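Visitor: The structure under discussion is supplied below as structure tokens; questions concerning it will follow.
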Amino acid sequence: MAFFELHYATKQSNYISRGEMVLKTVLAWIKDSGSLNSYGMDTSYSTLSDLGHVLRMLLAISEHNPTKLRQHKEDFTYLTKRILQHVQRSNTVVLETVQSSGEVEGAVGRLVNPGTVLEVGWLLLKYSLIAHKKELRKQVMNLFVDKMFSAAWDPNHGGIFSFLDVDGLNPTELTWNMKLWWPVTEAMIALIMSYKMSGERKYLNNFSRVFDYAMVHFREPGHGEWYGYADNEGRVTHTFKGGPDKGCFHVARCLWMCARVVRDVVAAGGVEK
């Protein structure tokens, strides 16, 4: 992704060539083993987060380059198919880890990662827009945005649960009921993009709910930036603003992308159909 962005910034062709070499390797890993790492698990397993990373790379080279979009048509088709394999239980849930035959047994197979689902959702929305795939767009808005947000939003204290168990059991992730900064940023992007593409007011209303939550619970008005970690009731638990997991990436990307979408909607006097 860095090479592709350097190419767009400098217009130097060597950067896009180097990026293509990395992308080719990553695509081979995904097609061969099903994941980038598998985190020590059987390589026949597929993780949604890994597929999302590769989709982000494909979009980085293709979003503003119709020639590259055509060249990578088969890669996009393959990756979209693999991502949609994570939609299980009669199209009602998007699971983090699956295998070629379907669900994985145990806690790993029941895990839902709302932040990843929402992020992959808006990445797919981007792809559906540049590739003119309206049916995919509808499917993504329904499953990856609507249903995921409804399931992950805490009706009692606000915020988005970090992890969920599809059967309603206690997720094994220790931070499952904490409210972290990055799922909130992914929800903001997914919701405002859905509003722009559909014009449905519910997306704007939910975007406002998430935005307000972030401004109250994560934003530090005295010196700027966001805290990253809050407990279930929204109280900040870690007062540092950067650490092993939280860098400057998610917040900056979210605010920049949301500002652009809002600007486009206002300039158009409405929404994109």
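The values are calculated or read from the model by the stated rules, or taken from the named source; none is laboratory data. Predicted model, so just to flag it, every value in this text is computed and none were measured. So basically every Cβ, Gly included, is an ideal-geometry build from the backbone, and we count neighbours across all protein chains shown. With ligands, DNA and RNA removed, areas are computed over all heavy atoms of the protein, side chains included. Shrake-Rupley method; radii C 1.70, N 1.55, O 1.52, S 1.80 Å.
Visitor: Could you say whether any residue in segment 132-140 is on the phi > 0 side of the Ramachandran plot, open to solvent by 50 Å² or more (accessible area, probe 1.4 Å) and either out of contact with any Gly (no Cβ under 7 Å at 6 or more places or on another chain) or outside any loop (DSSP other than H, G, I, E, B) (or both)?
Guide: Here is the first cut: in segment 132-140, the ones on the phi > 0 side of the Ramachandran plot are 132.
If we keep only those that are open to solvent by 50 Å² or more (accessible area, probe 1.4 Å) as well, we get 132.
Pick out the ones that are also either out of contact with any Gly (no Cβ under 7 Å at 6 or more places or on another chain) or outside any loop (DSSP other than H, G, I, E, B) (or both) and you get 132.
Yes - at least one qualifying residue is present in segment 132-140.
Visitor: For R219, state whether it is touching a Gly at 6+ places or on another chain (Cβ under 8 Å), closer than 20 Å to M188 by Cα, open to solvent by 60 Å² or more (accessible area, probe 1.4 Å) and charged (D, E, K, R).
Guide: So R219 does not fit the description; no.
Visitor: Identify all residues within segment 234-258 that are open to solvent by 90 Å² or more (accessible area, probe 1.4 Å) and either more than 20 Å from W122 (Cβ to Cβ) or of a type in the set (S, T, N, Q) (or both); write none if there are none. Talk me through it step by step, then tell me what you get.
Guide: Pass one, segment 234-258, residues open to solvent by 90 Å² or more (accessible area, probe 1.4 Å): 235, 239, 244-245, 248-249, 256.
Passing the criteria: R235, T239, P244, D245.
Visitor: Next question. Is segment 187-209 home to any residue that is over 14 Å from V262 (Cα atoms), open to solvent by 30 Å² or more (accessible area, probe 1.4 Å), touching a Gly at 6+ places or on another chain (Cβ under 9 Å) and not aliphatic (A, V, I, L, M)?
Guide: Looking for residues that are over 14 Å from V262 (Cα atoms), open to solvent by 30 Å² or more (accessible area, probe 1.4 Å), touching a Gly at 6+ places or on another chain (Cβ under 9 Å) and not aliphatic (A, V, I, L, M), one finds at least one in segment 187-209, hence yes.
Visitor: Follow-up. I'd like to verify a number: residues in segment 89-105 that are open to solvent by 40 Å² or more (accessible area, probe 1.4 Å) and either more than 18 Å from V120 (Cα to Cα) or in contact with an Asp or Glu (Cβ under 9 Å, 6 or more places away or on another chain) (or both), how many? Walk me through how you get there before you give the answer.
Guide: The first filter runs over segment 89-105 and keeps only residues open to solvent by 40 Å² or more (accessible area, probe 1.4 Å), leaving 89-92, 99-101, 103, 105.
Add one more test, that the residue is either more than 18 Å from V120 (Cα to Cα) or in contact with an Asp or Glu (Cβ under 9 Å, 6 or more places away or on another chain) (or both), and what stays is 89-90, 99-101, 103, 105.
Of the residues in that region, 7 qualify.
Visitor: What do you reckon, is T67 of a type in the set (S, T, N, Q) and open to solvent by 50 Å² or more (accessible area, probe 1.4 Å)?
Guide: Working: of a type in the set (S, T, N, Q): yes; open to solvent by 50 Å² or more (accessible area, probe 1.4 Å): yes.
Yes: the conditions hold for T67.
Visitor: Being modelled with pLDDT of 90 or more and not basic (K, R) is the filter; apply it to segment 10-19 and report the residue that is most open to solvent (accessible area, probe 1.4 Å).
Guide: Residue satisfying both the conditions and the ranking: Q12.
Visitor: Let me ask something additional. What do you reckon, is L169 open to solvent by 10 Å² or more (accessible area, probe 1.4 Å) and either in contact with a strand residue (DSSP E or B) (Cβ under 6 Å, 6 or more places away or on another chain) or under 30 Å from R70 (Cβ atoms) (or both)?
Guide: Here the answer is no, as L169 does not meet what is asked.
Visitor: Could you look through segment 26-40, keep only residues that are over 23 Å from I16 (Cβ atoms) and buried (at least 16 other Cβ atoms within 10 Å of the Cβ), and pick out the one that is modelled with the highest pLDDT? Let's see the steps before the verdict.
Guide: We begin by selecting, within segment 26-40, every residue over 23 Å from I16 (Cβ atoms); these are 32-35, 37-40.
Restricting the remaining residues to those that are buried (at least 16 other Cβ atoms within 10 Å of the Cβ) gives 33-35, 38.
Numbers: S33: 64, G34: 57, S35: 57, S38: 46.
Residue satisfying both the conditions and the ranking: S33.
Visitor: If you check V108, V22, V54, which single one turns out to be open to solvent by 50 Å² or more (accessible area, probe 1.4 Å), part of a helix (DSSP H, G or I) and either within 22 Å of P183 (Cβ to Cβ) or in contact (Cβ under 8 Å) with a residue 60 or more places away in the chain (or both)? If you could, list the steps in order and put the result at the bottom.
Guide: Details: V22 fails: either within 22 Å of P183 (Cβ to Cβ) or in contact (Cβ under 8 Å) with a residue 60 or more places away in the chain (or both); V54 fails: open to solvent by 50 Å² or more (accessible area, probe 1.4 Å).
Of the residues listed, the single one that is open to solvent by 50 Å² or more (accessible area, probe 1.4 Å), part of a helix (DSSP H, G or I) and either within 22 Å of P183 (Cβ to Cβ) or in contact (Cβ under 8 Å) with a residue 60 or more places away in the chain (or both) is V108.
Visitor: Restricting the first residue to segment 159-182 and requiring it to be modelled with pLDDT of 95 or more, which pairs with a second residue that is open to solvent by 50 Å² or more (accessible area, probe 1.4 Å) and of a type in the set (D, E) meet a Cβ separation below 6 Å and a spacing of at least six or different chains?
Guide: Pairs found: F163/E173.
Visitor: Then there's this: Taking the stated definitions as given, is P114 touching a Pro at 6+ places or on another chain (Cβ under 7 Å), open to solvent by less than 30 Å² (accessible area, probe 1.4 Å) and in contact (Cβ under 8 Å) with a residue 60 or more places away in the chain? Walk me through how you get there before you give the answer.
Guide: Working: touching a Pro at 6+ places or on another chain (Cβ under 7 Å): yes; open to solvent by less than 30 Å² (accessible area, probe 1.4 Å): yes; in contact (Cβ under 8 Å) with a residue 60 or more places away in the chain: yes.
Spelling it out, P114 is indeed touching a Pro at 6+ places or on another chain (Cβ under 7 Å), open to solvent by less than 30 Å² (accessible area, probe 1.4 Å) and in contact (Cβ under 8 Å) with a residue 60 or more places away in the chain.
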